[in-house]
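Trainee: This structure is in structure tokens; I'll ask about it shortly.
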Amino acid sequence: MNAQRYYNRPSRFRSRVYDPAVRAIIMHTPWSGFSRRDSVRVLAVRGRKTGRLYLHPVGVCSYNGDRHLISFYGESQWARNLRAGSTAELRDRKHTEQIKAVELADAEKLAFLAFLLDRYPMIIRIWWKVNARRVTPAEIDMLAGRYPVFRIAAA
């Protein structure tokens with residue numbers, strides 16, 4: 001895998017329109033995704049430099065009895081902040097859960113990404129521009145280098 005990480009700066013539209021709209025939907029409507037295990041939640045994480053609390057909509061996916069966070073935008077600020085601090089909160093309209101996140105090792109990440117490609121092929125095609133049905137091992141390695149994955153544990 002490629003150990004070099006590239007920061008993916010959010011677009012103005014994403015930071016000013018899309019993310020606030022998704023946060024509002026998650027925090028103010030009863031809809032919070034597919035199920036309690038696989039859902040869309042708001043991640044509250046402290047900034048590694050400022051200490052300020054940042055709120056980001058994230059997807060939570062269950063795999064092998066554990067829940068995982070994946071940064072679909074690549075190396076994002078919330079992924080950097082979570083890596084530095086490792087503790088955060090997952091929130092929705094009714095619940096706030098203290099979590100501790102551990103970044104997956106290479107072998108675990110490859111297995112998780114293969115599972116994700118099989119489980120959500122349409123989402124993968126839209127977000128990552130990869131045909132999940134025809135993905136090669138080299139493409140999975142490329143995806144593993146670009147997208148951080150964290151295992152969630154109770155804090």
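Read the figures in this text as sums done on the coordinates, not as results from a lab. Fair warning: this is a prediction, and the values are worked out from it, not measured in the lab. Note: ideal-geometry Cβ built from the backbone for every residue, glycine included; neighbour counts use all protein chains shown.
Trainee: With a Förster radius of 25 Å, plug the Cβ-Cβ distance of residue 96 and residue 62 into 1/(1 + (r/R0)^6) and report the FRET value to the nearest 0.05.
Mentor: Numbers: r = 19 Å, r/R0 = 0.77.
Computed FRET efficiency for residue 96 and residue 62: 0.80.
Trainee: Using a 10 Å cut-off around each Cβ, can you sort 97, 108 from fewest to most neighbouring Cβ atoms?
Mentor: Values: 97 15, 108 18.
Exposure proxy ranking, most exposed first: 97, 108.
Trainee: By count of other Cβ within 10 Å, fewest leading, how are 63, 54 ordered? Can you show the working numbers first?
Mentor: Details: 63 17, 54 14.
By the 10 Å Cβ count, ascending: 54, 63.
Trainee: State the Kirkwood hydrodynamic radius of segment 52-155 in Å, one decimal place, computed from all pairs of distinct Cα atoms. It would help to have the intermediate numbers written out before the result.
Mentor: Working: mean 1/r = 0.0698 Å⁻¹.
Across segment 52-155, the inverse of the average 1/r is 14.3 Å.
Trainee: Could I ask something else about it? If you average the sequence gap of Cα pairs under 8 Å that are 6 or more apart and divide by the length of segment 107-149, what percent do you get for the contact order?
Mentor: On the way: 24 pairs, mean separation 18.2, N = 43.
Across segment 107-149, relative contact order equals 42 percent.
Trainee: DSSP loop (so not H, G, I, E, B), at most 11 other Cβ within 10 Å: list which trypsin sites (Lys or Arg not before Pro) in segment 19-107 pass both filters. Write down the numbers at each step before the final one.
Mentor: Values: sites: 23, 36, 37, 41, 46, 48, 49, 52, 67, 80, 83, 91, 93, 94, 100; in loops: 36, 37, 48, 49, 52, 93, 94.
Qualifying residues, ordered by number: 49, 52, 94.
Trainee: Now for a different question. Indicate, rounded to the nearest 5 percent, the antiparallel portion of the DSSP beta bridges found entirely in the chain. The partial results should precede the final answer.
Mentor: Numbers: 30 of 31 bridges.
Bridges in the chain are about 95 percent antiparallel.
Trainee: Per 0.36 nm of contour for each residue apart, how much would the distance between residue 142 and residue 48 grow if the chain were fully extended, relative to their Cα-Cα spacing? Each step should come with its number before you reach the end.
Mentor: Values: separation 94, 0.36 × 94 = 33.84 nm, distance 2.68 nm.
Full extension of this stretch gives 31.2 nm more.
Trainee: What value, in deg cm²/dmol to 500, does the helix sum -39500 (n - 2.57) over DSSP H runs of n ≥ 4 give at 222 nm once divided by the residues of the chain?
Mentor: Details: 5 runs with 51 residues, N = 155.
About -9500 deg cm²/dmol.
Trainee: Could you tell me which of 152, 53, 70 has its Cα farthest along the dipole of the chain towards the positive end, charges placed at Cβ (Lys, Arg +1; Asp, Glu -1), taken about the Cα centre?
Mentor: 53
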